Structure formats: C-alpha cells, structure tokens
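Since the structure comes first, as structure tokens, the remarks are kept for the end.
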Amino acid sequence: MTADALASAVDRLMAQAREDLERLVAIPSVASEERVPVPAGREAAELVEGLYRDLGFDDIRLLDADDGSVVVLGRTVGPVGAPRVLLYAHYDVQPAGDEDAWSSDPWTLTERDGRWYARGAADCKGNLVMHLTALRALRDVEGGWPVSLTVVCEGSEEMSTGGLERLVAAQPDLFAADVIVVADTGNVEAGVPTVTTSLRGTGSVLVTVRTLSGPVHSGAFGGAAPDAMAALIRVLDTLRDDDGATTVGGVPTDGKWTGAAYPVERFRSDAGVLDGVDVIGGGTVADALWARPVATVLAIEGPAIKDVTASVQAEARAVVNLRVPAGVDAADAQQRLVEQLTAAAPWNARITVEPKTLGRPFAARTDGPAYAALAVAMEQAYGRPMVQTGQGGAIPLCVTLSEAHPDAEILLIGVEEPACRIHAPDESVSPDELRRTAVAEALLLRALSAGRGP
Ligand SMILES: [Zn+2]
C-alpha cells in the first residue's frame with residue numbers, strides 16, 4: 001500500500017524533478033584545475049542549499065573546503081531512536097568539452113527520444129534530484145521523514161582535489177551516520193536495479209627516462225646513441241602480456257568477479273571498441289574491470305609530431321595509471337609498479353619513477369540490514385532482483401567515510417546507466433530511471449526507520 005502510494009507520489013513529483021534539473025544544469029559548475037575555485041560553484045551550492053531548504057532543511061549551511069570548493073551540509077532530526085542516514089551527491093560537473101559534438105546546448109536540459117540531455121543530467125545532478133524527489137515523496141505520503149537525515153553535496157568531486165575528504169577527516173562528527181547513500185553510480189543497464197559494491201583503487205606514477213645530455217642528430221648519432229624514446233617504450237611494454245593483461249610484479253592477476261556479468265557485446269558498444277579489434281585483459285570483461293589490476297599509459301611525452309626533427313631524443317616521459325581491485329593494497333601495488341618500471345630500463349638508461357596520486361580501493365559491506373533493505377526496496381521499485389556490480393573509477397570519499405565511520409553501511413546507487421554517457425558529449429538521463437531510483441530510495445528510507453519493514 002505504502003509502496004504504491006510512494007510510487008504515485010514520485011510520479012506526481014516528476015515535473016518538479018525536471019524543473020529542478022533544468023535549474024541545476026543551467027549553472028556550468030565545471031570542476032577543473034585551471035578554474036579553482038569553480039567559478040559557478042558557489043552559485044550551484046546556493047541553489048542546492050535553497051532546494052534542500054525549501055524541502056524543510058532549516059539546519060543547512062555552506063562549508064568552505066580547503067581546495068576552494070563549497071560543500072553543502074544539511075541536517076534534520078527524525079523520531080527518537082531512528083537511524084541517521086547520510087545522502088551524498090556532487091554538484092560539480094566535467095567540462096562540456098567540444099560543444100560542437102553536442103546535439104543540443106550542454107547547459108540547457110533538452111528532451112529527445114524520452115531522455116533528458118545536458119552536462120550533469122546524470123552525473124551527478126540527476127542523482128541529487130533523485131534524493132530531492134525521494135525526500136519529497138516520503139514527506140508527502142508520510143507527513144515527514146522516518147529517519148534523521150544528513151545531506152551532503154560537494155563541489156570538487158570531478159577534480160579529485162579532496163576538499164570534502166579532508167573536511168570529513170577533520171570533522172568526522174559532522175558526517176556521522178548509520179547508513180550512507182552515495183548516489184554517484186547507477187544501474188548496469190536501464191531497468192536493472194544495481195548496487196555498486198566494489199571500487200578500484202588507483203595510483204599514478206610519472207616515468208622519466210634520460211639518456212643524453214641533449215638531443216642529437218639521428219643521422220650522425222642514431223644507432224649508437226641511446227634513444228630515450230625507445231628506452232621508454234621498452235619500459236612500458238613490460239606492463240602487458242600478449243593478451244593485453246597487465247603484469248605488475250606479484251599483484252594477483254587471476255581475480256574473478258562474482259557479481260553481475262558485463263556481456264562482451266555490451267562492453268564493446270559502451271567502450272566504442274572498433275570492429276575487428278580485440279577486447280583485452282584475459283578472463284571475462286567483469287574480471288578485467290573489477291577483479292584484476294590494470295596499468296594504463298595515460299600520456300607519453302616527447303616532441304609533438306608537428307615539431308619533429310631528425311633527432312635521437314635525450315629524455316622521454318610517461319604517466320602510468322594503475323587501478324587495483326578491492327582486496328589489493330594500492331600503496332603496495334604502486335610500489336611494485338615503481339620497482340618493475342625502474343628495473344626495466346634498458347642500456348643503463350637513467351630512470352626515475354615517481355608516485356603521483358594514490359587512492360585506496362573500496363569494498364562495501366553486503367551483510368548488514370541496510371543492504372538487505374536496499375535489495376527489497378530496489379526489487380519493489382523495479383520489479384526484478386537487485387544485482388551487484390563493480391566500478392573501475394575510484395570514489396575516494398567512500399574510503400574516507402568508511403574509515404571515519406567504520407560501522408556505517410555505505411550503499412552506492414544512482415541514475416547513471418551506460419546510455420547516460422557520463423563525461424562525454426550528449427550526456428543524458430532517463431527520467432524513468434530517475435523515477436524508479438527515487439521510489440527505491442524512498443522505500444529504503446522508510447524501511448530503515450526502526451522496527452518497520454518495507
Ligand atoms: Zn559523479
């Protein structure tokens with residue numbers, strides 16, 4: 001009965017959800033290192049604050065993080081003994097990139113073929129609207145919220161500058177909760193309710209190879225002169241076996257993913273793998289993405305082709321990004337990567353490998369009452385059982401929150417499914433996914449209130 005009432009309430013609230021999303025995407029709250037603090041960040045933060053305030057959050061404020069971003073933090077107090085639930089999203093977005101590659105203005109919510117297009121429509125303003133819609137529906141049906149709530153919306157997630165993480169580490173009590181809903185992921189495909197239980201850790205290194213005091217003519221010296229570019233290529237080639245699987249000394253490469261499969265044809269389509277080109281990594285796609293390490297060469301630096309001269313290069317550099325699955329110590333794996341690359345330098349070339357970034361992997365608890373309640377709520381909202389997936393990208397906040405509040409259950413859900421094309425031109429959200437995830441979240445919050453099943 002209440003499930004139907006909540007679903008009907010969400011249906012009625014979809015027009016308002018669209019209006020909220022229109023207002024949110026109209027603010028180009030782009031996070032990028034060249035634009036700190038995010039110029040439109042405060043404007044977006046104030047809009048988020050206003051939306052939550054209108055919903056009934058009197059205790060809400062903006063916190064200045066040390067990376068120049070603004071965090072929205074709001075709280076309500078529920079019935080005595082009710083659990084505290086933290087709802088997370090972020091309002092910053094990726095740049096639009098090449099605006100000519102968009103079919104409509106990235107900063108204007110535009111409906112086409114039943115989807116809503118704009119930068120941030122899914123990642124992560126759509127998820128923010130999911131929270132708002134779920135809370136409105138519960139308030140309309142139940143007259144209030146059955147749990148104590150903390151809402152957090154940050155402004156530098158896409159930049160990974162860690163402003164919110166350091167706030168959590170410095171003032172953990174502000175973010176204390178029994179259950180944390182991190183809404184920055186989504187379903188493996190539209191209509192398949194999904195919880196993300198595993199996030200890869202990440203660590204980047206900068207590789208520099210030096211062989212000569214300066215470039216020399218390739219005709220006069222090439223052949224005997226140690227070629228820094230060739231040395232770098234030899235070094236980087238140690239990262240893959242013949243199947244393209246990453247080999248980093250001693251890091252296990254035989255992991256098996258036990259959650260939902262990722263069909264290879266869907267992966268080919270999602271990743272845009274060209275016809276006739278192999279998918280790599282050994283094992284299944286899901287094994288390669290969520291259960292095994294990978295080292296990706298992100299950039300190689302030597303002369304640009306437009307600046308080419310007939311020279312043996314004296315120095316060459318590369319950035320290598322390592323991703324490790326839950327259960328692998330990211331710092332240890334990064335150290336092994338440093339050692340492997342360093343040892344691989346041919347011809348006694350001078351090589352330095354500097355660790356640059358490090359983020360630990362995350363595995364969610366799946367044995368707690370909130371996880372069980374989420375499974376029931378998702379099945380009610382979607383009419384089919386919830387599946388588990390992993391995600392290749394790190395969400396460092398999950399690690400920070402789980403360290404600050406080890407007993408909290410962290411649930412990763414959201415409106416982002418593959419057709420959303422997050423971070424790419426023509427990002428969009430399916431209003432139907434938004435509707436159903438909002439219903440699921442409303443059912444979850446209701447179920448979490450003491451002594452009541454969904
Ligand atoms: Zn996001």
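The values are calculated or read from the model by the stated rules, or taken from the named source; none is laboratory data. Note that the structure is predicted; figures quoted are calculated from it, not measured. Every residue, glycine among them, receives a Cβ derived from its backbone with ideal geometry; neighbour counts consider all protein chains shown. Surface areas here come from the heavy atoms of the whole protein model, side chains and all, with no ligands, DNA or RNA. Shrake-Rupley method; radii C 1.70, N 1.55, O 1.52, S 1.80 Å.
Quick look at the numbers
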| quantity | calculated |
| --- | --- |
| Estimated vicinal HN-Hα couplings, Hz - the range 427-441 in sequence order (Karplus 6.51, -1.76, 1.60; Gly, Pro = x) | 4, 8, 10, 8, x, 5, 5, 4, 4, 6, 5, 5, 4, 4, 5 |
| Residues whose placed amide H lies under 5 Å from that of E301, excluding near-sequence neighbours | R317, A318 |
| Value at 222 nm in deg cm²/dmol, rounded to 500, when DSSP H runs of n ≥ 4 in the chain each add -39,500 (n - 2.57) | -10000 deg cm²/dmol |
| Label-to-label distance, nm, for residues given as D59 and E354 (7 Å Cα→Cβ offset) | 4.5 nm |
| Kirkwood Rh and Cα Rg combined as Rg over Rh, evaluated for the chain | 1.02 |
| Lysines whose Cα lies under 29 Å from that of K256, excluding same-chain neighbours fewer than 8 positions away | K356 |
| By average C-beta atoms within 10 angstrom, highest first, the peptides 330-337, 410-417, 193-200 | 410-417, 193-200, 330-337 |
| Nearest-ten-degree value, helix 330-343 long axis tilted from longest Cα axis of the chain | 10 degrees |
| Protein-only accessible surface order, largest first, of K256, K356, K125 at 1.4 Å | K256, K356, K125 |
| Carbon plus sulfur fraction of accessible area for the chain, probe 1.4 Å, in percent | 50 percent |
| Average silhouette area of the range 9-138, convex hull of alpha-carbon atoms, in square nanometres | 9.0 nm² |
| Amide H contacts under 5 Å for V30, placed H, 5+ residues apart | A40, V93 |
| Table column - 3J(HN,Hα) (Hz), the range 401-416, Karplus curve with 6.51, -1.76, 1.60, x for Gly and Pro | 5, 6, 6, 6, 9, x, 7, 5, 8, 10, 10, 10, 9, x, 9, 7 |
| Solvent-accessible area per residue for the chain (1.4 angstrom probe, square angstrom) | 42 Å² |
| Residue-by-residue Karplus 3J(HN,Hα) for the range 116-133, coefficients 6.51, -1.76, 1.60, Hz, glycine and proline x | 9, 9, 3, 5, x, 4, 9, 9, 9, 5, x, 5, 4, 5, 4, 4, 4, 5 |
| Long-range amide H partners of Q313 with built H, under 5 Å | A228, M229 |
| Tilt relative to the chain, helix 2-25 - C-alpha long axis, 0 to 90 degrees, to 10 | 50 degrees |
